[in-house]
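Below is one structure, written out as structure tokens; comments come after it.
Bear in mind these aren't lab numbers, they're just calculated from the coordinates by the rules spelled out. Worth saying up front: this structure is predicted, and the values here are computed from it rather than measured. We place every Cβ from the backbone using ideal geometry, glycine too, and count neighbours over all the protein chains shown.
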Amino acid sequence: MESIKVQYTDPDTGNEKYEIVKFDIAKFRKDESGVPSENIFFTSAGTVVSTSREIVDLAEAAIVANPTNPYGCAGAIYGLIKVKPTGSSIELTKNPQTLGFEANKPVAVLSSFDSTTPIAILTPTSVTTTVLEFGSAVSNLIKGGFVVVKMTVPTAFAPIFAKEDTSWGAKALLERPNAPTTDATPGSGSISVTLTVPSTKKIVTKKYQVFVVSATSEPTFDPLVPVINGNRKADIELDPPSTGNTVQGTATTFGGGADFGGGTIVNGKYYVVAIAKDATGDMNIICSGLSNIDEVTVTY
């Protein structure tokens, strides 16, 4: 176990403080499925916070990586080209389906495992047990023995707001302000929202964001286990109150409005939730967890 001293801003006072954060490696089962396997985690803990990050790829690579298995725990899906392609398909040395390739999911072709410049970026129209099929002839620059890698989005360590916050960083947990209390009232094509400022960990708050979720348009949202994407557009953004302990606003959209994947408020059921932020903007800020979820039904 190792320890480091972390400087952070106390959300109760706004003053700089120090905390000793302890780091360790732990191995335990992360679910209750009964599957006889365990996962490896990088853990960190301060006096009042703790967090864990799964590091199975890195840990497995430290055990088994070698030149013919350069990605260790198969964090990347890849295969080797069996022969130089001559048409609109690429044959791999192993079954592309069992390797994890999928139709309509783009791939990059590399000359070697450590290449940083793709020979081509292609999207297979179908994936069989032997080949990746494409809509047109592939580049003549692609040779046998080249590497095909399935392209993926970057791994995000804490991409959502949820009840479970162990994936947050220890410093973020120490610095985050408390969430407000949310009270929503339906109107005619709108929802009025009153936020009550928390009694503690509020001094650093510069903005409040309110998210409106449509039960009709977003049926997978579960108010008992709420999940809000970290990049979701807020429907209301409010300043902390200059006097008193409440602030009010009116939402006419859900999901940020039509331009952000949502829409306008019409008849139906909605869920309203808020967060506090320590700065304006939408990146590299410290934010609270989710407030309570308030449910309203709009009729007019």
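Relative to the Cα centre, what is the charge dipole magnitude of the stretch 176-298, using +1 at the beta carbon of each Lys and Arg, -1 at the beta carbon of each Asp and Glu, and rounding to the nearest 20 debye? Provide the component values of the computation, followed by the final result.
Values: 9 positive and 11 negative charges, 71 e Å.
Here the size comes out at about 340 debye.
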Translational D in µm²/s for the stretch 176-298 (Stokes-Einstein at 4 °C, 1.567 mPa s, Kirkwood Rh from C-alpha pairs): 90
Per residue convex hull volume, Cα atoms of the chain, in Å³: 184
Of 5/105; 5/201; 150/171, pairs whose Cα-Cα distance is over 32 Å: 5/105; 150/171
Tail weight of P(r) past 12 Å, computed on alpha-carbon pairs of the stretch 214-262, percent: 72
Virtual spin-label span in nm between residue 83 and residue 155, 7 Å along Cα→Cβ: 3.7
Order of 122, 224 under a 10 Å beta carbon neighbour criterion, fewest first: 224, 122
Under 12 Å from residue 202, Cα to Cα: aspartates and glutamates that are on another chain or at least 8 residues apart: 10, 12, 175, 278
